[in-house]
Structures are given as structure tokens and as C-alpha cells.
Amino acid sequence: MQPENAPRSLFDKLWDAHLVQEQGEATPAIIYVDLHLVHEVTSPQGFDVLREKGAAMRRPDRTLATLDHSTPTLPPARDGSRPYITEQARRQVQTLRDNCREFGITLADWDSPSRGIVHVMGPELGATQPGMTIVCGDSHTSTHGAFGALAFGIGTTEVGHVLATQCLLQNKPKSMRINVSGCLADGVTAKDLALHIINHLGMNGGTGFVIEYAGEAVRALDMEGRMTLCNLTIEAGARAGMIAPDSTTVEYLRGRARVPIPGQGFGRAVARWLQLRSDPDAAFDKEIEIDGATVRPTITYGTDPGMSIPIRELVPAPANATQEKALQYMGFEAGDAMTGRQVDVVFIGSCTNGRISDLRTAADVLRGRHIADHVRMLVVPGSESVREQAEAEGLHEIVTAAGGEWRLPGCSMCIAMNGDVVPAGMTAVSTSNRNFEGRQGAGSRTLLASPATAAASAVLGRVARSADLVTDPEVN
């Protein structure tokens, strides 16, 4: 812990506020967890640990569960049965339902209007709040750092430990600040900025760090854009990403189910939240400056999110054997134009880009147009709340009129363990967060991009920017 009067970063303040026991020479620190988010894939072993040890849950009231990873996105049959891709997927879902019932955990079940992808649902409910420590057995828990929270992905063993103790063993990471100055150009999104930063840092450039994002361009993002940016922090190897709360954060949280209401604690909560920022003279282990005006609509070409380029640039020559292998897998050669690549599948959704603003962006591109005949497009809302709002606005009708498939909420093609799969050898433009070999299906080839790029690529049947729809004579 730092001296009491020393300038501290936002990360230092949250770490110190939740420190139960300091880190020793041979032992990690113990930090208290304010919110534990749970889904069906990484939680069964944790509950088994409780049973094996005869232990009770420490704070079931600080645990929130949902069904998302293994859930089919197709509607149930007439008899109410769900079209699970495997019996294992069905058992995973049922096991979480049983565990939540046994241990008294709030679950967003199939019939819940709150059900959704865990990193979409938490913020929507206002369960995610500034100043919290948040954990989940999922890499992209970093999403919640957009609210000025310290949010970690944890492993299955750690899930059991948090269920039993409401604490986490953790070595304190180093701190990095990335300052994005200036303004993003028209047509450049938070997803483009995130891919640009990962490319700048490299896949392991953030390893061992918690990253705080700051600067004019970051402040200009809405909360959904901030969540996208923090969501992808983990892809640079960082432990977490954070953005200090401000009036944008406050207005997003106002009126949400788990947030105090005005006159009954909301004002006091806001006063606390707005104190959560790095001190002017706070020291960081590393600082990076990025000019937001230099960021362009960006897409990946390899098999990790760091292998990205502006869409109008040519595929670069591989710098090492790993990159050479990636190009071979993806079917690219150095000097290829990204805009010449045929697209077979488009996926719009995930905890990265499955929120209402993402679907509105895609619908704006698709409105009055039709996707190319050879393209299959899935649009999957990130939650029931997003689906309800999108359908109230008629976005589902725009998607289906364009030839796309409108699905029920879930992780869907992001992880391809639920029946939504890209066939081997096919190229998908995806708004998700990982383009590893086989991530969207064995032998599939994934290009990560923004919702606007994904929708434009669906219409043209090749990699394209939304701006290309105006200039391409073949657009229907």
C-alpha cells in the first residue's frame, strides 16, 4: 500500500480500498470482491468445491448469474424444448439453474427479462458500478472497467474460492495509462480504436498491467463505446482496463434497477463515484500517447487481435514464423488488399458489440439494402433488454428485410459452442473479440471489425467500409 498522502492512480485507489491482506514475498494479496458474475460454463467446478468442503457461500447476495455461453439462439420448439447443440450444453445450463436454486443465487433464467450475455446484463441492471471490484469466470470481465471498476477475469478454481470467501488471491499488477488525444474521425468507432491500440501494444504488450484509458477521445465515447474498449483490453494481455467515471457514467446508471434512486442515496453515490479518478501527479509504470485522429476503420487479417490494419491498407509481410503461419491459415499473402477478400458469414453481436447502439449502427447500414446472395448474416442481441428495445425500434425488421437472421440473445458465434458456427474454410467478419484459429468453428477464418464494417461487408459480399457503400456502383 502506498503512503497515505502519495498521489495515486484510480487503480491504486480501488486496490487499496479492497485490500484485505497485503502481498508478501511468497504470497499474493487478498482483495475483497464486491460483485461475482457467474455463467454456466466456468461455474460448475466452483459449486462442487463448496459441496466437497461442506462450505456455504459467503455472500450469495453479491453473486449474479445468467445463461449465455451454451444457450441456443434459436427459439424453442412448440413443446417448449430448446434446440441445444449437444447434451453437454443442455446439462451445463441445467446445472447452473440447479446450483443457483440450491445456493440462493439470483439467476437471469430463460424466462427472465434480464437474461443476457454476462457482460451486457451486469451494466444494464446497474449491478456494475464505479469503485467496485468485479470478477467472473470469463476473460472479458474487463468490460466492466468502463465504469471505473476494477474487473478481473478469473479461472474455475478461483470461482470456487470467491464463492466460499468473497475474496480473491491476486498479485498486484503494474499500471499503464493510455492517453488518446484529439478526436476520432467520422466513421471511426470504439472497436476501431481498440484494435488500433492492441496493434500498437502487441498481443502481449499489456501483460502484467492494468490499463487506464484517458484523453479527449476516450471521454467523447458513450458508455457502450467505453465498454467495447475495455472489453478488448484483455486481448493485449492486460489484466484489466479502466476509465474514470464522469457525467456520462452517471447518466447511464441513473434509473437502473440496482442503482439507488434520487432522494434515496443516488446523490451520495454520485458524489462518491465522481471522486474516483487518478490524482494529477499519480505515477504509472508505463504511459502511452495515441493521436485519436490517426485511427481509421480497422480490421484484423491474422489469428490474433493484434494483427490488424486499416481496411484500405494492404496485408503486411509477416515479421516472424507465427505471423507467417497465421497468414497461411487465413489464406492471405503479403500485399493482398483487404477489400478484395470475399466474405461468407457476418456475425453482429457478442459482449463486445451486441448492445443497442451496435445494432442501431448495423441497421443504419442495412436499411434499404440487401446482403449479398452468398453471405449468411446473424444478428444476435446481447440481452433480452437489448432485443426488446431493438424490436420496439423495428431494427429486427430491417435485419430480416436485408436477408439477415435475427436471433435470441446469447454468446452465439463468438465462441461457437451453441450451434452458431462458421464452416471450415469460410471467412467471417465478426464484431466479437477473438480471431484465434477455430474460434468460430473448426477451420473457420475470422476477421474482427466494427458493426458498421460488418454490415457493409455483408451487403457487398467482401470486406468493406460503410463509406464504400456510397462509392461502389454494385451496391443494391
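In segment 453-471, the condition of being touching a strand residue (DSSP E or B) at 6+ places or on another chain (Cβ under 8 Å), open to solvent by 20 Å² or more (accessible area, probe 1.4 Å), in a loop (DSSP other than H, G, I, E, B) and not small (Gly, Ala, Ser) is met by no residue. In segment 79-192, counting only strands (runs of 3 or more DSSP E) that sit wholly within it, the ones holding 1 or more residues that are free of Cβ contacts under 8 Å to residues at least 60 places away in the same chain, on the phi < 0 side of the Ramachandran plot and touching a Cys at 6+ places or on another chain (Cβ under 9 Å) span 106-108.
Mind checking which residues of segment 2-26 are open to solvent by 70 Å² or more (accessible area, probe 1.4 Å), part of a loop (DSSP other than H, G, I, E, B) and touching a residue at least 60 places away in the same chain (Cβ under 8 Å)? Answer for segment 2-26, where residues must be open to solvent by 70 Å² or more (accessible area, probe 1.4 Å), part of a loop (DSSP other than H, G, I, E, B) and touching a residue at least 60 places away in the same chain (Cβ under 8 Å): just GLN23. In segment 33-52, what count of residues is obtained for those that are buried (at least 16 other Cβ atoms within 10 Å of the Cβ) and more than 20 Å from GLY126 (Cβ to Cβ)? Of the residues in segment 33-52, 9 are buried (at least 16 other Cβ atoms within 10 Å of the Cβ) and more than 20 Å from GLY126 (Cβ to Cβ). If you go through segment 344-362 and keep only what is assigned to a loop (DSSP other than H, G, I, E, B) and buried (at least 24 other Cβ atoms within 10 Å of the Cβ), you end up with GLY349, GLY354, ARG355. Checking each residue in segment 219-255 for being in a helix (DSSP H, G or I), in contact with a Lys or Arg (Cβ under 7 Å, 6 or more places away or on another chain) and among the β-branched types (Val, Ile, Thr) picks out only THR228.
In this entry, ALA402 is excluded by the filter for residues that are surrounded by fewer than 21 Cβ atoms within 10 Å (Cβ to Cβ) and modelled with pLDDT of 95 or more.
The lone criterion from (1) of a type outside the set (Gly, Ala, Ser); (2) under 22 Å from the mean Cα position of the chain (by Cα); (3) open to solvent by less than 70 Å² (accessible area, probe 1.4 Å); (4) over 22 Å from ASN171 (Cβ atoms) left unmet by PRO60 is number (2). If you filter segment 101-114 down to residues that are touching a Pro at 6+ places or on another chain (Cβ under 9 Å) and crowded, with 16+ Cβ neighbours inside 10 Å, you find that the one that is farthest from ASP420 (Cα to Cα) is PHE103. For segment 1-50, a tally of residues being of a type in the set (Asp, Glu) and more than 30 Å from CYS100 (Cα to Cα) returns 5. Counting the residues of segment 174-219 that are surrounded by fewer than 19 Cβ atoms within 10 Å (Cβ to Cβ) and among the acidic types (Asp, Glu) gives 2.
The values are calculated or read from the model by the stated rules, or taken from the named source; none is laboratory data. Quick caveat: nothing in here was measured; it's all calculated off a predicted structure. Don't worry about glycine lacking a Cβ; one is built from the backbone with ideal geometry, like all the others, and counts go over all protein chains shown. Just so you know, the surface numbers come from the protein's heavy atoms only, side chains and all, with ligands and any DNA or RNA stripped out. Shrake-Rupley method; radii C 1.70, N 1.55, O 1.52, S 1.80 Å.
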